[in-house]
1. Name the strands (runs of 3 or more DSSP E) wholly inside segment 74-192 in which the number of residues that are under 15 Å from the mean Cα position of the chain (by Cα), modelled with pLDDT under 95 and surrounded by 20 or more Cβ atoms within 10 Å (Cβ to Cβ) is 1 or more.
2. Return the residues of segment 88-112 that are over 12 Å from Val132 (Cβ atoms) and of a type outside the set (Gly, Ala, Ser); say none if nothing qualifies.
3. Within segment 198-230, how many residues are of a type in the set (S, T, N, Q), more than 10 Å from the ligand (Cβ to nearest atom) and surrounded by 14 or more Cβ atoms within 10 Å (Cβ to Cβ)?
4. For segment 71-119, how many residues are polar (S, T, N, Q), touching a Ser or Thr at 6+ places or on another chain (Cβ under 6 Å) and more than 10 Å from the ligand (Cβ to nearest atom)?
5. Among the residues of segment 149-163, are any more than 11 Å from the ligand (Cβ to nearest atom), touching a strand residue (DSSP E or B) at 6+ places or on another chain (Cβ under 9 Å), closer than 24 Å to Gln21 by Cα and not hydrophobic (A, V, I, L, M, F, W, C)?
6. Are any residues in segment 177-194 touching a helix residue (DSSP H, G or I) at 6+ places or on another chain (Cβ under 7 Å) and more than 28 Å from Glu216 (Cα to Cα), and if so, which ones?
7. Which residues, taken from segment 36-64, are more than 9 Å from the ligand (Cβ to nearest atom) and in contact (Cβ under 8 Å) with a residue 40 or more places away in the chain?
Amino acid sequence: AAERLNGKVVFITGASAGIGQATALEYLDASNGTVKLILGARRLEKLEAAKEQLLKRFPEAKIHIGKLDVTDTEKIHPFLDNLPEEFKDIDILINNAGKALGSDPVGTIEIDDIKGMMDTNVVGLINITQAVLPIFQKKNSGDIVNLGSVAGREAYPTGSIYCATKFAVQAFTESLRKELINTKIRVMLIAPGIVETEFSLVRYKGDKTKASSVYENNSPLEPQDVADLIVFATSRRANTVIADTLIFPTTQG
Ligand code: NDP
């Protein structure tokens, strides 16, 4: 696997926390520090801290951090155009940025939360994909991993919009994979169950009690468990696509 990742340029959205941040470390680990990482998120200070931590482990690592709001569609092309030359030729795209906002009955969901989830999880993911795809098509190779969710398989009450966004991610991923079936571009969906990250804190808008109660009667995955699967999926032989995978803690049904 290390050989297949050697020198690859990996672009991770939502790399300032949780699964995205863990994925950055996992790629460096799995490639003996040779991958070149593009890490995007809105909180630049978090990305700076993450980069510092990664460089402690891999002092020679090539890491480009950049402020990126996936909902700001106008800025996606400038973000890619302004990449330093050695990061421009992206090989692997991890569409990880995503969120749930609130846990409410349909009648009371605020329009800003609806748009926030749709714009980030669906429109943002599609826009990033559209922007990176020409790079892959030019060389007829590249991997796209989209983060779905078990919520994109089974809808639950008070999660209507989040579930709708993750069902959309699943459908988009499947459609794109089929569209590109005769190319060497692989499109993959990784759909986690419960993972302990900042996800719940964001969902409950900073309410730590509510956020931590989500994990109380569960044994959530750690972000590196999902990161490990992402790296595994993108380091298979070129004839193989890990098309669509659920990853659960063993306690989740
Ligand atoms: P976290 O909240 O820990 O991390 C989310 C990341 O996304 C952060 O780095 C955040 O950075 C970034 N992000 C949020 N909005 C934007 C935006 N508009 N533009 C760019 N980056 C953004 O969550 P997880 O690591 O848990 O979630 C990662 C993915 O996994 C999501 O797609 C989520 O839906 C999915 N998932 C998570 C599960 C879980 O139980 N945790 C279960 C199933 C799926 P910043 O705020 O700095 O922009």
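The values are calculated or read from the model by the stated rules, or taken from the named source; none is laboratory data. Computed from a predicted model, the values in this text were never measured in an experiment. Neighbour counts run over all protein chains shown; Cβ positions are idealised from the backbone, glycine included.
1. Working: elements: 92-95, 142-147, 185-192.
Counting at least 1 such residues, we get no strands (runs of 3 or more DSSP E) at all.
2. Within segment 88-112, the subset over 12 Å from Val132 (Cβ atoms) is 96-112.
Matches in segment 88-112: Asn96, Lys99, Leu101, Asp104, Pro105, Val106, Thr108, Ile109, Glu110, Ile111, Asp112.
3. First pass over segment 198-230, keeping only residues of a type in the set (S, T, N, Q): 200, 209, 212-213, 217-219, 224.
This time we only want the ones that are more than 10 Å from the ligand (Cβ to nearest atom), so: 209, 212-213, 217, 219, 224.
Filter again for surrounded by 14 or more Cβ atoms within 10 Å (Cβ to Cβ), leaving 224.
The number of residues fulfilling the criteria is 1.
4. 1
5. no
6. First, the residues of segment 177-194 that are touching a helix residue (DSSP H, G or I) at 6+ places or on another chain (Cβ under 7 Å): 185, 187-193.
Hits for segment 177-194 are Ile185, Val187, Met188.
7. Lys36, Ile38
Residues checked against (1) out of contact with any strand residue (DSSP E or B) (no Cβ under 6 Å at 6 or more places or on another chain); (2) more than 23 Å from Gly193 (Cβ to Cβ):
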| position | (1), (2) |
| --- | --- |
| Gly7 | yes, yes |
| Ile19 | yes, no |
| Ala22 | yes, no |
| Ser31 | yes, yes |
| Leu47 | no, yes |
| Leu55 | yes, yes |
| Ile63 | no, yes |
| Gly66 | no, yes |
